[in-house]
Amino acid sequence: MIQANKTLSDRFTLFSSVLSGGGRTHIDYTGSSNAVNRFRQGFTGITVGMSMNYQKVSGSIDGGYAFESNYINGKTMDDRYPFTHINLQYAPNQRNSISLWFQYATFSPDATMKNPNIIQQSELMYISGNPDLKCSRNTSANISYTWLPSNKWQLSAYATMFLISNRQIAVYTPDGPDGMMLKKYQNDGDYNHGQIGANLTGKFIDGRLSISVSPRMLLYKTTGSNSISYYPFSASLNVNYYLGRFFFNGYYDTGSSYVDGENAFLRKMPMSYSVSAGWSSRGWNIQLSVVNPFQSSWKLSEDTLTTRWYDNKMTQFGSDYHRRISLTVTYTFNYGKKVSQTGELSGEKNISTSILK
């Protein structure tokens with residue numbers, strides 16, 4: 001990546017960048033499914049934008065154009081597309097602010113989705129990628145408003161939108177060997193998702209007691225072979241009280257659900273609630289929590305997939321929503337660096353692969 005900045009004044013800065021990259025994946029199948037896959041992907045993007053901090057408006061606007069090419073086993077597909085990002089905030093005074101974020105970009109298929117091999121996944125299912133899979137355009141937007149009428153109250157409201165056109169998704173048909181089911185990635189339909197929500201926080205007893213309420217409405221509508229329309233409502237309540245070095249917390253959530261954009265399944269998760277008490281002093285933090293005391297179920301989530309040729313229902317189990325009592329004791333050594341209670345020695349690495357699984 002090469003980037004150049006030009007400062008016009010203390011309020012405006014122009015910037016431009018050129019980004020280029022690529023990757024290669026080599027997969028050799030042996031045994032009952034002998035195959036060789038060679039996947040290459042390369043891209044180059046050019047961006048021009050401006051950042052500003054002018055009176056009551058701050059943020060940045062940029063736009064660009066990208067050139068992308070991917071190759072798998074002799075099949076090459078090129079794509080060219082524009083993209084843009086808008087991130088602006090307007091604060092007419094210290095008690096009100098409005099933020100806007102917008103993005104138009106592209107989802108590119110990875111090696112897994114482009115893999116042309118047909119591999120048996122189970123006794124009932126074969127799986128295959130699609131070398132002819134095309135990129136999907138996506139549009140994201142978020143607008144939020146924050147109101148601080150006093151030190152006692154705070155209100156924030158937001159609305160988000162996330163749209164994928166000509167999405168890349170697994171389509172199920174009875175076209176596998178011997179009439180079995182075949183799960184194959186296709187460009188099929190659109191994914192439309194929106195969310196409307198708010199958070200109201202009040203502070204009482206000189207700030208020692210805080211109560212937050214967060215209602216939210218989710219909107220899902222997908223088209224194509226795995227179409228679904230779903231509009232769940234949920235809410236959460238969070239109460240905190242501080243008394244010297246002691247602290248107390250109560251939490252309740254009605255439960256959440258969503259429609260997955262990649263596989264089109266509907267996931268539902270149970271409600272959760274907890275009460276906690278703790279003590280903190282000189283680096284020590286002791287906390288006792290009682291979580292879901294009246295829930296005996298081990299169910300984590302329930303996934304439902306409904307298509308023309310294939311239905312699937314899967315239940316996952318675990319201890320997250322089961323009743324439990326936990327005691328946590330931590331001590332933080334102060335060595336001049338801020339640390340997280342959950343630990344800083346952690347990390348994840350993601351590696352793209354074309355192995356079908």
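The values are calculated or read from the model by the stated rules, or taken from the named source; none is laboratory data. Worth saying up front: this structure is predicted, and the values here are computed from it rather than measured. In this analysis, Cβ positions are derived from the backbone assuming ideal geometry, glycine residues included, and neighbour counts consider all displayed protein chains. All accessible areas refer to the heavy atoms of the entire protein, side chains included, with ligands and DNA or RNA removed. Shrake-Rupley method; radii C 1.70, N 1.55, O 1.52, S 1.80 Å.
Starting from the amide H of Tyr126, placed 1.01 Å from N in the peptide plane, find each other amide H under 5 Å away whose residue is 5 or more places distant or on another chain.
Gln121, Met181, Leu182, Lys183
Over region 120-227, what is the relative contact order in whole percent, taking alpha-carbon pairs under 8 Å and six or more residues apart? The partial results should precede the final answer.
Values: 235 pairs, mean separation 28.0, N = 108.
Here the relative contact order equals 26 percent.
To make sure I understand the rule: partners must be aspartates and glutamates, Cα under 18 Å from the Cα of Lys56, and not fewer than 8 residues away in the same chain. Which ones qualify?
Straight-line reach from Lys56, under 18 Å: Asp10.
With equal scatterers on the alpha carbons only and no solvent term, can you work out the Debye log10 of I(q)/I(0) for region 1-103 at 0.17 1/Å?
For region 1-103, the Cα-only Debye profile gives -0.87.
If packing is taken as the average count of other Cβ atoms within 10 Å, what order do 131-138, 316-323 fall into, highest mean first? Walk me through the numbers before you get to the answer.
On the way: 131-138: 17.8, 316-323: 14.1.
Highest to lowest by the protection proxy: 131-138, 316-323.
Please turn the phi angles of region 34-39 into ³J(HN,Hα) values with the Karplus equation 6.51 cos²θ - 1.76 cosθ + 1.60 (θ = phi - 60°), one per residue in order, whole Hz, x for glycine and proline.
With the stated coefficients, region 34-39 comes to 7, 6, 10, 10, 10, 10 Hz.
I need to check one value: relative contact order of region 1-137, counting alpha carbon pairs closer than 8 Å and at least 6 residues apart, in percent. Show your work: numbers first, answer last.
Numbers: 296 pairs, mean separation 21.7, N = 137.
Once normalised by length, the contact order is 16 percent.
Suppose accessible area is computed on protein heavy atoms with a 1.4 Å probe; arrange Val275, Val57 from highest to lowest.
On the way: Val275 85, Val57 50 Å².
Correct descending sequence by accessible area is Val275, Val57.
Collect residues whose amide H, placed 1.01 Å from N in the peptide plane, falls under 5 Å from the amide H of Ser97; neighbours closer than 5 in sequence don't count.
Thr146
Please turn the phi angles of region 299-304 into ³J(HN,Hα) values with the Karplus equation 6.51 cos²θ - 1.76 cosθ + 1.60 (θ = phi - 60°), one per residue in order, whole Hz, x for glycine and proline.
So the Karplus estimates, Gly and Pro as x, are 6, 8, 7, 10, 9, 10 Hz.
Using the Karplus curve 6.51 cos²θ - 1.76 cosθ + 1.60 with θ = phi - 60°, what ³J(HN,Hα) values do you get for each residue of region 81-94, in whole Hz, with x for Gly and Pro?
7, x, 8, 7, 9, 10, 9, 10, 9, 10, 10, x, 7, 6
Largest first, how would Phe107, Phe39, Phe333 line up by accessible area (1.4 Å probe)?
Heavy-atom accessible area, descending, gives Phe333, Phe107, Phe39.
Once you keep just the Cα pairs under 8 angstrom separated by 6 or more residues, what percentage relative contact order results for the chain? Spell out each step's value before the answer.
Working: 911 pairs, mean separation 34.2, N = 357.
Relative contact order, the chain: 10 percent.
Viscosity 1.567 mPa s, temperature 4 °C: give me the Stokes-Einstein translational D for region 156-198 in µm²/s, with Rh taken as the Kirkwood radius over C-alpha pairs. Show your work: numbers first, answer last.
On the way: Rh = 12.8 Å.
Value of D from the Cα-based Kirkwood radius: 101 µm²/s.
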